[in-house]
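Below is one structure, written out as structure tokens; comments come after it.
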Amino acid sequence: MFQLNDEQQAARDLAREFTEGEIVPVAAKHDEEHRFPHEVLAKARDIGMMHLPVPEEYGGGGTGILEWVIAIEQFAWGCAGIATSIGINSLTADPILVAGSEAQKREWIGRMVNGEYGAYALTEPSAGSDVSSIQTRARADGDDYLLTGSKIWISNAPAASFFVVFAKTDPDAGRHGISTFVVERDSAGVTVGNPLPKLGQRASHASEIAFDNVRVPEENRLGEEGSGFLTAMKVFDRSRPMIAAIASGIIQRCLDESLGWAMQRQTMGQPIIQHQAVSHKIADMGMRGEAARLLVYQSAAIIDGGQRNTLQASYAKAFASDTAMWAATEAVQIFGGSGYSEEFPVAKLFRDAKLMQIYEGTSEIQRNIIARELTRARERQRPT
């Protein structure tokens with residue numbers, strides 16, 4: 001039987017305590033007002049929960065990805081939007097950890113650990129899941145690059161001091177022509193839009209960023225020219241377990257709210273949990289939620305073990321995301337008319353869950369990856 005060790009249990013308990021004390025009391029208000037949770041994030045940083053998987057030498061917690069997803073799952077139980085806001089600095093640190101020099105790691109990760117926000121700028125108006133189709137251009141100009149283009153739906157961008165930006169340095173080379181840069185927010189030619197209005201996860205702000213001949217020093221490039229696509233793929237292997245953990249937290253909250261409601265709401269002279277139509281929904285919610293959690297933990301444990309987790313990360317991301325949307329839909333159904341009211345938490349869970357199937361690679365893209373990885377594995381097994 002799978003069990004958490006002492007360190008993992010401690011991460012879960014501390015995250016749960018923080019969630020119940022700092023996230024749950026303010027979640028509805030932040031959602032209603034579309035308010036970015038600066039105060040909550042500052043408190044998470046103060047207790048060392050903001051950058052758990054960042055190595056200790058750069059000021060982080062030095063934990064594995066598994067401890068991180070365990071904590072993120074608890075944060076998401078309280079509010080998926082706040083959990084996303086907490087997780088974005090870790091996402092921004094990932095490409096720096098994957099491709100950055102020692103000096104770059106100490107500079108930009110150090111700034112985030114000490115209170116600044118960063119943002120991961122990959123998605124464009126015409127390029128989301130298809131990374132190789134990005135149009136943002138970085139043209140060499142002496143010892144600098146001139147960056148032109150735009151990004152959209154960039155989480156934490158309205159609050160960020162700098163952005164990790166993916167751009168084409170060789171437009172004719174496809175995925176092999178993408179490079180990665182750190183761009184300071186206050187650079188001439190950078191324009192950050194207002195937070196975009198969203199259906200759910202409203203405590204997580206995302207906006208458009210425009211780059212108009214922004215001068216970026218060569219020393220701000222992460223890794224070699226043309227290595228950006230590979231960097232992005234490595235980051236996905238680290239970040240998708242985190243996103244899947246947010247979905248897992250939503251599933252657990254749907255189960256907890258549904259079970260509590262079903263045990264006290266009465267129809268036909270008995271609690272509705274006694275009606276098989278309701279009890280089977282809750283049973284399925286528990287079963288699928290446990291399966292999602294185990295997939296999430298497995299995908300994190302594999303990468304912590306130094307192995308490639310692409311297949312397992314896509315398993316976790318697709319299954320947990322789709323299950324979160326299913327669980328939220330069933331939770332609204334269990335609550336009946338009350339579930340359709342914003343006075344009850346399942347309406348927010350329903351709105352928050354939908355994004356899980358879209359960002360960090362849609363559920364459809366995850367299935368493409370899964371099919372590709374399974375095909376490659378089968379081909380490797382064929383006798384030569």
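State whether the range 183-307 is rounded, prolate or oblate according to the following rule on the C-alpha gyration tensor (a ≥ b ≥ c being the square roots of its eigenvalues): a/c under 1.5 gives rounded; otherwise a/b larger than b/c gives prolate, and the remaining case gives oblate. Oblate, since a/c reaches 1.5 and b/c is not below a/b. Loop-located GluC sites (Glu not before Pro) across the range 265-355 with a Cβ neighbour count of 16 or fewer within 10 Å are GLU342, GLU343, with loop assigned by DSSP. Nonpolar atom fraction for the chain, defined as the carbon and sulfur part of the 1.4 Å probe accessible area, stands at 49 percent. Indicate the gyration tensor shape class of the range 1-70 (rounded, prolate or oblate), computed on the Cα atoms with a ≥ b ≥ c the square roots of the eigenvalues: a/c under 1.5 is rounded; otherwise a/b larger than b/c is prolate and the rest oblate. Oblate shape, in that a/c is at least 1.5 and b/c is the bigger or equal ratio. Prolate is the label for the range 237-384, because the ratio a/c of its alpha-carbon gyration tensor axes (a ≥ b ≥ c) is 1.5 or higher and a/b is greater than b/c. Residues whose amide H comes within less than 5 Å of that of ILE152, counting only those at least five positions distant or on another chain, are THR123, GLU124, ILE209 (H built at 1.01 Å from N in the peptide plane). Within the range 1-105, the chymotrypsin sites (Phe, Trp or Tyr not before Pro) that combine a DSSP coil assignment with at most 16 other C-beta atoms in a 10 angstrom radius are PHE2. When you filter the trypsin sites (Lys or Arg not before Pro) in the range 255-303 for DSSP loop state and at most 16 other Cβ atoms inside 10 Å of their Cβ, you are left with ARG265. Pairs exceeding a 21 Å alpha-carbon distance, out of LYS168/LYS354; LYS168/LYS234; LYS151/LYS198; LYS29/LYS281: LYS168/LYS354; LYS29/LYS281. Within the straight-line cut-off of under 15 Å between alpha carbons, the aspartates and glutamates reachable from LYS43 are GLU17, GLU20, GLU22, GLU116, sequence neighbours fewer than 8 places apart in one chain being disregarded.
Would you mind working out the magnitude of the charge dipole of the chain relative to its Cα centre, with +1 at each Lys and Arg C-beta and -1 at each Asp and Glu C-beta, to the nearest 20 Debye? Computed about the Cα centre, the dipole is about 1100 debye. Averaging Cα coordinates gives a centre for the range 24-51 and one for the range 214-274; these two points are 17 Å apart. Computed with a 1.4 Å probe on the full set of protein chains, the accessible area for LEU355 sits at about 50 Å².
In the context of the full protein assembly, HIS38 retains an accessible surface of approximately 90 Å², using a probe radius of 1.4 Å and ignoring ligands and nucleic acids. Using Cα centres only, tell me the gap between the range 55-113 and the range 304-322 in whole Å. Their Cα centres are 18 Å away from one another. Highest GNM mean-square fluctuation, the chain, Cα pairs closer than 10 Å: which of THR191, THR231, THR323? Greatest mean-square fluctuation among the candidates belongs to THR191. Shape analysis of the range 114-234 yields a ratio of the Cα radius of gyration to the Kirkwood radius, Rg/Rh, of 0.96.
The values are calculated or read from the model by the stated rules, or taken from the named source; none is laboratory data. None of these values were measured; they are calculated from a predicted model. As a convention, Cβ positions derive from the backbone with ideal geometry for all residues, glycine included, and neighbour counts pool all protein chains shown. Side chains are part of the model used for accessible areas, which takes the heavy atoms of the whole protein and leaves out ligands, DNA and RNA. Shrake-Rupley method; radii C 1.70, N 1.55, O 1.52, S 1.80 Å.
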